[in-house]
Structures are given as structure tokens and as C-alpha cells.
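The structure under discussion appears below in the form of C-alpha cells.
Nothing in this text is a laboratory measurement; each read-out follows from the coordinates by a stated rule. Since we're looking at a predicted model, the values are computed, not measured. Cβ sites come from the backbone with ideal geometry, for glycine too, and all protein chains shown count toward neighbours.
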Amino acid sequence: MKFEGFSAPMGRRSRALGRRADGIRPTGYFPSPAILADPTPAYPDSVDTVRGMIAAVVFDLDGVLVDSEAVWDEARRALVADRGGTWRDDATRAMMGMSSLEWSRYVREELGVAMEPEAISAAVVAELERRYRRRLPLIDGAREAVERLADAWPLGLASSSNREIIDLVLDESGLADRFAAAVSSEEVGAGKPAPDVYLEAARRLGVEPGRCAAVEDSSNGLRSAAAAGMRVIAIPHAAFPPDPDALALADLVLDSIAALDAATVAAVA
């Protein structure tokens, strides 16, 4: 699926609300009208500056905190097979980062599932919920990393998962109270690689996007966070590694989330 009107910016150092220091918006930055509806969010002046520029950390969910990409893949594949569709070799990567509406439309239009997008999403989410309640695939070290950073910064979550899945994961993991804001891409104008979900997370945190560090694993997630003007920490997933051009957008690359601590975050300021 092609995302109309969006491409990753050429310059890595785009900043808050996607503008360079000279005030020119980087090529390819197209936030949705909903994001632009409130162009002057109230960013507090009293943000703790002891740790340098970073005032908040925003996590991705799938592939960073939960090892879920394969679970999503299996649930979608099963639905496509059951409904007489045809799975494509590039479908898994194509849907990474898409909002629920976007990937549901993709399943219908590109994979040939004759269901309404809302019904497709509901069926896949129901299967994810069943599996997560049986066993939550929390990545080793994820809980500890979240707890370490929550002691130093307010945390946000910017995820392509449906709201029901986000809430379930946070509740089942016991990490709900560690996050001051959580945003699903279904709540904004466009999914990743567009910057909308990260911009909305920053807005809810009350922090300028340029003072946030984002933790991502996927190509579209890295592009999204970079387009939002955030500092980007990449933790590539071994089974679904990001494209080289997307990984090049990161300020820091870690081998695992176990290495994520306050010192590594402060290093990207």
C-alpha cells in the first residue's frame, strides 16, 4: 500500500512540529488536519532540564515491548485463508505501522477478503485478545526498561495497535500506571510512517516533539518518529529488521531493550 502524500524527510534533524531551525517544514512532512487543529499546545515551561534536552520518552509497542509481530501475522493469515483470500509475500511488511483502518482495508483490497474493514479488524483483534490473555509475549527486559525510564521521565506510548490491544497489554503487563499517555494510530489521521501518532503522544504529554526520545524497531516506526522531529532510538527486531535507510534515521541503535536505560536515552540529547 502506498501512503499518499508522505515520504521520509531527507534531513534527520527535523524538530518539533516538523520544522527546521530556519522555520522551513522538511519535505515529506504531512501531519493530518486533526493534528494541526491545535497548533499551539500548552507545553510547560517547568520541564526538568537536568537530563539535557530530553523531557519525555515515547515507546512503540509491537516489536519493542511485546514480541507480537508474528502473532499479528498469524491472526491475519488465518483470517485471509478462512475467508478465501490470497496472502502475498510482502503483506507482513506492508502492514507494519498501519493503523487498524489502514491494514483492514489492505486485507480487503489487496488480499481479497470480502468483509468490511471494521469486521476484519474486529475478527483479528478478538484473536489477539484471546492469545494475549492466554500468554502475553512480553519481550525479555521490557518491563525493567520501562520501570527504569519511568523513574527519570514521563513516558508515552505511540502504537499502531488497536486501543483494545494497547489497554490489554498495559493491564496484563502491570505497566499501565507507568505511562502518562498512550495513543493508537486509529485515533489520529494517519498511521506510521506518517508522524501523527508520535505528535499526538507528545501533545498529550505536554512536551515538544523535539524534546522527546522515541524507541522503535520497524522501518515505518523509525520513519514516523523521525518525521515527528523526535530523537530516535532503534532496537531492531531480529525477525523483522528495518530497512537500511530507515535505520539510518536513528540517533542510536541498541541490540536489545535490556540495554535501554537513562544513560542511553540522555546520550541522544
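Between A182 and residues 5 or more places away or on another chain, which pairs have amide H atoms under 5 Å apart, with H built 1.01 Å from N, and which residues are they?
Residues meeting the criterion, in which the H sits 1.01 Å from N, are L157.
What shape does the range 69-134 have by the C-alpha gyration tensor, where a ≥ b ≥ c are the square roots of the eigenvalues, rounded means a/c under 1.5, and otherwise prolate means a/b greater than b/c and oblate the rest? Please list the in-between numbers first.
On the way: a/c = 1.43, a/b = 1.30, b/c = 1.10.
Since a/c stays below 1.5, the shape of the range 69-134 is classed as rounded.
Take the alpha-carbon centre of the range 51-86, take the same for the range 101-155, and report the distance between them in whole Å.
Each part reduced to its Cα centre gives a spacing of 5 Å.
Tell me which residues come under 5 Å, amide H to amide H, from S99 once H is placed; ignore anything under 5 positions away on its chain.
Distant-sequence amide H within range of S99: G191, K192.
Between A214 and residues 5 or more places away or on another chain, which pairs have amide H atoms under 5 Å apart, with H built 1.01 Å from N, and which residues are they?
Answer set, sorted by chain and number: V58, R231, V232, I233.
Using θ = phi - 60° and the Karplus curve 6.51 cos²θ - 1.76 cosθ + 1.60, what whole-Hz ³J(HN,Hα) does each residue of the range 68-80 get, with Gly and Pro shown as x?
Result, ordered by residue: 10, 4, 5, 5, 4, 4, 4, 5, 5, 4, 4, 5, 4 Hz.
Rounded, prolate or oblate: pick one for the range 166-269, where a ≥ b ≥ c are the square roots of the eigenvalues of its C-alpha gyration tensor, a/c under 1.5 means rounded, and failing that, prolate if a/b is larger than b/c, else oblate. Intermediate values should be presented prior to the final figure.
On the way: a/c = 1.30, a/b = 1.17, b/c = 1.11.
Rounded shape, in that the Cα axes give a/c under 1.5.
Give me M98, M230 ranked fewest to most by other Cβ atoms within 10 Å of their Cβ, as a rough exposure proxy.
Working: M98 22, M230 34.
Listing M98, M230 from fewest to most nearby Cβ atoms yields M98, M230.
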